[in-house]
Amino acid sequence: MKKYRVIVWGLGNVGRAAIRMIINSQQLELVGAVDVDPQKIGKDAGEIFGFKKTGISVSDKLDTIIKTVNADVVLDYTPLVRDEKGGFSPSAQEIIHVLQLKQNVITTLPIYFSQATDPQMFNEIDTIAKQNNVSYLPSGLLPGAYASYIPVILAGIMGQVNKITVQSGEDDQNNTSSWVKVFGYGMDPEKFPHERLTQGIVSYYVSGVYEIGKRLGYTFDEVKTKHDYFTAPTDLHPKFGLVKSGTIYGHRFTMTGVVNGQEKVSLIYVHKICDDLIKEPQIDNKIIINGIPSSLDISINGMMPLDESYATSAAPTVNAIPQVVTGPAGYLQALDLPAIVPVV
């Protein structure tokens, strides 16, 4: 059994889940761990999360680690960095730098299916990767496994596909990540920058809509977007503080690819708090495929449990390591690789 040598870059919630998978795997070996948090630097990469000791100390010097440990792949779980126009160029340039060090990169960052959303970025990443004979794979849960990988695979059992709808969402009441602040939980809806949030969320998720459409043979005339927000009917008490009645506690984002006036691919995603107390807007983890037969309706429960919501984000990247390391050079998509199955 080939052993794959792995560097984990970014030791937040997703990095934690990846470290655990690597520690428990026979196929994988942790050879580097990188983070900028001074409270983690110098400490054991397993022990900082309460796991068993790995023998790998956390460093803040990615380049040095890459040049000394002879890794097969870097798992990039760093926070998304946008430019002043909301684009992903800063994060893309960090990825390109790692590719130039002749290192494969797999990431949960939404630099995904860029041939549709940012062709210039796609060409730059693809060219650099091929020049250095390495690969780049964007993956994660969404965009990635839940949209687009799973819906497209399920569509393969249909006699005809007229439309795919992917519904999902998450309860952020126990989420301590800094990015949760963008949803303005507890803010006055009259003072909240709704349009800016819509643009940011759509840019994050919409690549999944484009890939599903492309895999079904569609060229969209347009991609419509809609944002609905919800105010708390009573005071709520998420982990991060009080959300008063009448302030924002939920959002629903809808992205739909349209061909000749017909909706062909829709992604509906909900961000909210306290779903155990208030069900509207509903979080439905469902994939609905209309065609022949008339409707294939699949529910996937437990995909993002409150206690381990990041495990399913990390898993598609960790499990893809063998396919990426042995795959072709360039900008890859998971649907073009051999089937991604659990590492052992």
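The values are calculated or read from the model by the stated rules, or taken from the named source; none is laboratory data. These numbers were taken from a predicted model, which means no experiment stands behind them. FYI the Cβ positions are ideal-geometry reconstructions off the backbone, even for glycines, and counts take in every protein chain you see. These area figures cover heavy atoms from the full protein model, side chains too; ligands, DNA and RNA do not enter into them. Shrake-Rupley method; radii C 1.70, N 1.55, O 1.52, S 1.80 Å.
Okay, here's what the table says:
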| quantity | calculated |
| --- | --- |
| With DNA, RNA and ligands ignored, accessible area of residue 242 (1.4 Å probe; Å², nearest 10) | 90 |
| Separation of the residue 154 and residue 307 label points, Cα + 7 Å toward Cβ, nm | 2.6 |
| Label point distance in nm, residue 300-residue 130, each placed 7 Å from Cα along Cα→Cβ | 3.1 |
| Table column - 3J(HN,Hα) (Hz), the range 231-237, Karplus curve with 6.51, -1.76, 1.60, x for Gly and Pro | 10, 5, x, 7, 5, 10, 10 |
| Mean residue ellipticity (222 nm) of the chain, computed from DSSP H runs ≥ 4 via -39,500 (n - 2.57), nearest 500 | -7500 deg cm²/dmol |
| Extension gain from residue 2 to residue 52, taking 0.36 nm per residue of separation minus the Cα-Cα distance | 15.7 nm |
| The chain: relative contact order as a whole-number percent, Cα under 8 Å and 6+ apart | 20 |
| Residue-normalised accessible area of the range 1-76, expressed per residue, 1.4 Å probe, Å² | 47 |
| Relative contact order %, the range 1-150, counting alpha carbon pairs below 8 Å whose residues are six or more apart | 19 |
| 10 Å binning of all Cα-Cα separations within the range 234-279, expressed as whole percents from 0 upward | 23, 37, 20, 16, 5 |
| Highest average packing first - 203-215, 332-344, Cβ atoms within 10 Å | 203-215, 332-344 |
| For the range 283-303 and the range 183-257, distance of Cα centres in Å | 21 |
| Proportion of all alpha-carbon pairs of the range 224-344 beyond 19 Å (%) | 67 |
| Choice from 284, 76, 63 with maximal GNM fluctuation in the chain (Cα, 10 Å cutoff) | 63 |
| FRET efficiency estimate (nearest 0.05) - Cβ-Cβ, residue 292 to residue 263, R0 30 angstrom | 0.95 |
| Helical segments meeting 24 Å axial Cα length and Kyte-Doolittle -0.5 threshold in the chain (DSSP H) | 194-215 |
| Radius of gyration and Dmax over the Cα atoms of the chain, both given in Å | 20.2, 59 |
| Pairwise FRET efficiency - residue 26 versus residue 69, Cβ, R0 = 25 Å, nearest 0.05 | 0.80 |
